Amino acid sequence: MRVVVLCSLVAGVLGQQLSEPKNIVEIGAYGQPRFRATELPDLTAYGPLSTLARHNGGEYTFGAYMENDAYVRFYLSLKGIPFGTPWFGIGFGESMLGADFIVAHLYNTSTVEVHEHVPRNQYAPPFASFNPTPWVMEPLNGGYVDGNFFVEVRKPLVPEPRPYDHETLVSGKNGESQRMIWAYNPASVRNHWTGFFAYHGENPGSQTGLPSEPDQTHGAMSVNFEQKTIQFIPVSQRIRRVAHASGMFVAWLVLFPAGAFWSRYMRFLPRWIWVHVGMQVLGVFLLIASVATIVATLGRVRFHAHSILGLIMISLLVLQLLMGLTNRTLLRTDLPATNRRRFVRLFHRINGYILLLASIAQVALGLRILYPIEEPRGDAFWIMYFLIVGFWVVLFGLTEAFRRLFFVIKTHRAGDMVEDGVAKYQLTGKPAGIEELAKRQDARHYPELKSYNWKTLDEAVSNGKLLVVADGRYVYDVSKWIFSHPGGQLILLAVAGTDVTSDYFNEAGYDAAEFTPPPLFPQQNTRRQTVSQFHEKLSEPIPSSQISVVSESFINTASLVLTQTDWYRISRARRTHVHTKLAIMRLSHLLVGEIISSPEKSSSDADTLVQMGRGFDRFEYRRYALTQKELLTDASQGSSNPIWRLRFCLLYPYETRDGQPEEFQPGECVEVQVRVDGVPAARYYSPVSGNITAFDLCVKQYPSHGVSACLCRERPGETQFKIRGPFGQSLVPPVLSSISSSVSVTSHPVPKGSILFVAGGTGITPFLQLLQHIFLPTGIPLKAASGYEPTMPDELAIAKGDNLVVRHHYMDGWAMGCNTKTGQEGVFPLPKTFPRYGPYVKLVLLNCVLTPGDMVGSELIDAVLLAYPQQFEVHHVIKAGVEDGRGQFSGFGYEGEISEPILKEAVSGAVPPSRPAETEDNAEHAVHDGLLRVAFVCGPPDFNTYVRGELENKFEYKPSDITVLSSLAPNRVEHGKINAKLSNC
C-alpha cells in the first residue's frame, strides 16, 4: 500500500504518469525519488551491455534501447568495484562544458538517487538539480544488489522546453549517432558544496578513455540507439587544454604587457620600437598557436563568457595589428599628420589599453573553466595568475609615479600681464628642459665639436645628415632615431636643420595666452559715395614743403596680426612635447656641434652679426604652418593652371629673433623647402603681402610633381614647412628708399619719375609687393593733399597738410585710419592724400598672361586705380584673347603676345603725372634729366631676354635702368644690377 502511494506522489510531482517506477522507498526534500531495489532488473531488452571502463576487477557497464519511438531507456551499473560513496553518470553532448547530465549516487550502500545535472561551462562538477520539476529525464529504478550499483532512467528524444537547455537526442534510424560522455568515481569525497560529487580524476596511461585501457575514469562515445551500437571515441588529452591555457597565459599576461610597458616607458632608447614590435609579434604567434590547439581539441566553439570575450578580443587584436602596422608604416614615411593618422595612433593606444585590461578578465575566465578557483587542483595556476597580475599593476603604477616624480619636466613658460597692445602675456626665461640639457652637457666632455652656422648647417642637412638645433646653439645628430622616433619620421624630417627648442621642451599651447584676436574693422557702408569725384588733376609742381614725405619710422601699426583661423591651424600643425629627463639625457649624447656667429649679415639692412644663433639670420630655416588656402583663378575664364593664394604663419610666432626685419621689402623673396617624392626640394617665392611672422604667396599649380604642385596639394594645418629668407634686394629705387629710411618727420625733395614693370605669368607677384608698398601701405603716415568734409557720421574730417595713418583698406578707394593731428578715427577717401612717395612717381604695369583666368592681383590693382589713377597705369596682354565678353579687367587690353607696339604703349605711359619745372640729381639710381626712369622685368627666361633687349635697343633704357628678376638664383647679377629674387615665374 505504501509503494502505491509513493508511486502516485511521484507521478504527481513529475507531471506525467511513470509507467514503470520500481523500488521507490521515499521522496527527498526536493521531491526527488529515492530507490532501494532488492533484485536486478530484467536486462533482456537492452541486449548485450557495453563495458565503458574496467577498474580493480570490476566494470562500468552501459545499455540503451528505443522505447515507443519517443524515449531512450538507459541502464547504468558499477559492479565488482570496491565502493566508498560512489557516483556515475552520462552526459549528452561532446564535452562537459555544455552537455546535460544524468548522475546517480549511492548513499549508505543502500539508497540510490538519480539527478539531472546542469553544465557550468567548466571542467568541474556540473550543478545538481535536485528538484525534479525541470527534469526531462525520468528515473525508473535503482539500487545496490550483490555489489552491483545500478540505475534505470529514460529520456525523451525531443525534450519539452525547460528552464535550461536539454540535448535533443538522435535516435539512429538514419544511421546517425548520439555523442555522449561518461564518468564515474567509486569513492567520492565531499566537494566544495558539501555534496559527494568530487572530481573523477585524470585518465591514467594513454588518457584516451577507451575501454581497452584499464582504470579510465571518463570517456566519450557515439551511440546508435536504434541499432544498439556504440563507437568509443578517444577523449582529448588534458595536456592540450593546458597547452592552450599556458600559451594564452604567456601571450596575454607576459608578452603583450611587456611590449606595452616597453613602448610606454622605454622610448628614450633608440631601438625601442623593435623590442615593442618583437614582443607583440611573438605574442600574436603564440596566441594563434593556442587558439588552433583548443579549436582542434574541442572541434567546435561553444558560446559562453570566455569564448565570446575571446572572439571580441581576437577581433580587437586583429584591428590592433592592422593599426599597429599602419602606425609603423606611418612612422617610416613622411606623410602629413592627417586626421587618419591621428585616429590610427589614438585607436592603437586606446585599444591597447582595452586589450590589456580585458586580458586580465579573459585569463581569469579561462582558468576558471580549466581549474575552478574553488577546487584545489588549480591552486598553482591561480597563485601564478594573481602574482603576475599584481606584478604588472605594481610595476606600471610605480614606474608611472616614478616617471612623473623624477623624470617629467614640469615646465610652462608664462609671464606677467603687459599692456603692449599686442599680447596678453610675455614669454619669459627658458624652459626647464633647456636648463636640464645644459646641466647634463656641462657634465660631459666633447673634444671634437664641429662649428656650424645656419648656412653650413643647411648644407650638411642637404648632404644627408639629420641635424637639429636646440636653444639656438647645440647641434645634434638624430639620424639613429629616423625609424623609431615615437612621433614618426615626419617629425624628424620636418625639423631637420631647424631649431627644435619649442617642440622638444614645451607643452602644446604653452604660448596660447600670447594670442590676441585681431581688431575687427567695421564693414564698408554700401551707401558711401564713390571716390571718382575726388580725383583731382595735378597742374603745377607742388613744393616739397607741402608734401613733406614722412618717414615710416614715425609710427608703425602694420605688425601683422594672426587671425583665429591662423592660430587654430598653427596649433594643429605643431608637434610640441615636453620630453622627459631620460630623453634629454639621450639627446645630450647626440651632440655633434655648435652654432656660431654667421659670417654674413642677417639681412640687407642689418649691421650686427648673429650672436650664438639667436639673432636673425636669413639662412636659418624656420618652420611655418599653412593656415589658409584660396583659389584665385577661375576655370570658367579659361585659366590654364590654377593659381592659389597660400598663407603661411610661423609655427611659433611669438619667438622672434634679434634684428628680425619688420616687413618684406618689394622684390624680396623667401625660400620654401618641401619633400617631393621623399627628396628635399626648394624654390623661391615672392610674398605678395605680410611679414616674416605671416605672409601670403601666389603659387601656380602645375601638373608636375615640383615644389609648387606639392604646396598646392597640401591642406591647411597639416604639415610643417621649412622657410627661410628674405633674400634679394628691394625694388624700391634708392632715391625713394633713402627718403623712407629717414628717422624723422622732415621735408625732402619730391621724387619724380616712373617705374615700368613688365610681368609674365606669376612674375607679377613682386610687382604686387611694390604696388602695395607704394600706394596701399598701413601704419605709414600719408599727407593730405586737400581737405575733406565728412558726409556720414563715421567719416573723418581732413584738413590740407594733415597726417593720416591708415589702419585698414576697403579696397574701393576708401580707408579707415586716424588723423594724427586731431586724434580722431574714421573713414576717409584715399584720393584726398598723396601716395607714399608723393604725386610725381608713376607706376606702369604691363602684365602678360595666357588667358583672362590667369590674372592675379586684380583686387589690389583695381583698388590702386580707384585711389590714385594718375599715378598708376595698367596694360594687359592676353595671348588667348577674350571670348564671349569674359575676362572683365581694368586698364588697357591687347590680344596676342608682347611686341614692340605694345611695349611702346606701356613705355609712353611711363611719364610722371606732371613735369616739374626744376630737376633733381640727388639719386644714385637712374635719374635722367631730373626724372627717375627704371624698369623691372619678371617672367620666363626667354620672355626676360626679349623684353630687356627691346627696352635697351628700342626705348633707350640703359642697362643700369633695367632689373631682370631671374628665376635661376637669388642675387644674380645681370647688367650691373643685382637681381633681387628668385621669382615663382
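The values are calculated or read from the model by the stated rules, or taken from the named source; none is laboratory data. Note that the structure is a prediction, hence the values are computed from the model and not measured. Please note: Cβ atoms are built from the backbone with ideal geometry, for glycine as well, and neighbour counts cover all protein chains shown. Just the protein is used for accessible areas: all its heavy atoms, side chains included, with ligands, DNA and RNA removed. Shrake-Rupley method; radii C 1.70, N 1.55, O 1.52, S 1.80 Å.
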Could you please let me know if residue 873 is outside any helix (DSSP H, G or I), outside the structural domain of residue 634 (by the TED database) and closer than 30 Å to residue 816 by Cβ? yes
Could you check how many residues of the stretch 10-31 are surrounded by fewer than 16 Cβ atoms within 10 Å (Cβ to Cβ), modelled with pLDDT of 55 or more and of a type in the set (A, V, I, L, M)? 2
Counting only residues in the stretch 469-484 that are buried (at least 18 other Cβ atoms within 10 Å of the Cβ) and within 19 Å of residue 272 (Cβ to Cβ), the one modelled with the lowest pLDDT is identified as 484
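Looking at residue 75, is it at pLDDT 95 or above and assigned by the TED database to the domain that holds residue 146? Before the answer, list the steps.
Values: at pLDDT 95 or above: yes; assigned by the TED database to the domain that holds residue 146: yes.
For residue 75, the condition - at pLDDT 95 or above and assigned by the TED database to the domain that holds residue 146 - is met.
For every residue, the table says whether it meets (1) over 30 Å from residue 850 (Cβ atoms); (2) open to solvent by less than 30 Å² (accessible area, probe 1.4 Å); (3) charged (D, E, K, R); (4) at pLDDT 90 or above.
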position	(1), (2), (3), (4)
915	yes, no, yes, no
919	yes, no, no, no
924	yes, no, yes, no
935	no, yes, no, yes
946	no, no, no, yes
953	no, no, no, yes
972	no, no, yes, no
Residues located in the stretch 235-253, provided they are assigned to a helix (DSSP H, G or I) and crowded, with 17+ Cβ neighbours inside 10 Å: 241, 244, 245, 247, 248, 249, 250, 251, 252, 253
Identify all residues within the stretch 44-94 that are among the hydrophobic types (A, V, I, L, M, F, W, C) and under 60 Å from the mean Cα position of the chain (by Cα); write none if there are none. 90, 92
Condition met for residue 420 (of a type in the set (D, E, K, R) and modelled with pLDDT of 65 or more): no
I'd like the full set of residues that are under 24 Å from residue 620 (Cα atoms) and either modelled with pLDDT of 90 or more or exposed (fewer than 11 other Cβ atoms within 10 Å of the Cβ) (or both), limited to the stretch 435-449. 448
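Tell me, which strands (runs of 3 or more DSSP E) wholly within the stretch 49-107 include 1 or more residues that are farther than 26 Å from residue 122 by Cα, β-branched (Val, Ile, Thr) and touching a residue at least 24 places away in the same chain (Cβ under 8 Å)?
On the way: elements: 50-55, 58-67, 71-79, 87-92, 100-107.
Per the criteria, 50-55, 71-79.
State whether the residues of the stretch 158-181 include one that is hydrophobic (A, V, I, L, M, F, W, C), in the same structural domain as residue 39 (by the TED database) and either modelled with pLDDT under 90 or part of a strand (DSSP E or B) (or both). Show your work before the answer.
Initial filter on the stretch 158-181 (hydrophobic (A, V, I, L, M, F, W, C)): 158, 169-170, 180-181.
After this cut, where a residue has to be in the same structural domain as residue 39 (by the TED database) as well, the list is 158, 169-170, 180-181.
Filter again for either modelled with pLDDT under 90 or part of a strand (DSSP E or B) (or both), leaving 180-181.
Yes, the stretch 158-181 has at least one match.
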Residue 279 assigned to a helix (DSSP H, G or I) and crowded, with 16+ Cβ neighbours inside 10 Å: yes
Strands (runs of 3 or more DSSP E) lying entirely in the stretch 619-688 (those with 1 or more residues that are of a type in the set (Ser, Thr, Tyr)): 622-631, 679-685
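From 171, 129, which residue is open to solvent by less than 70 Å² (accessible area, probe 1.4 Å) and either free of Cβ contacts under 8 Å to residues at least 40 places away in the same chain or among the aliphatic types (A, V, I, L, M) (or both)?
Details: 171 fails: either free of Cβ contacts under 8 Å to residues at least 40 places away in the same chain or among the aliphatic types (A, V, I, L, M) (or both).
When all the criteria are applied, what remains is 129.
Rundown of residues vs (1) at pLDDT 85 or above; (2) crowded, with 23+ Cβ neighbours inside 10 Å, yes/no style:
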position	(1), (2)
592	yes, no
602	no, yes
605	no, no
654	no, no
660	yes, no
665	yes, no
682	yes, no
687	yes, yes
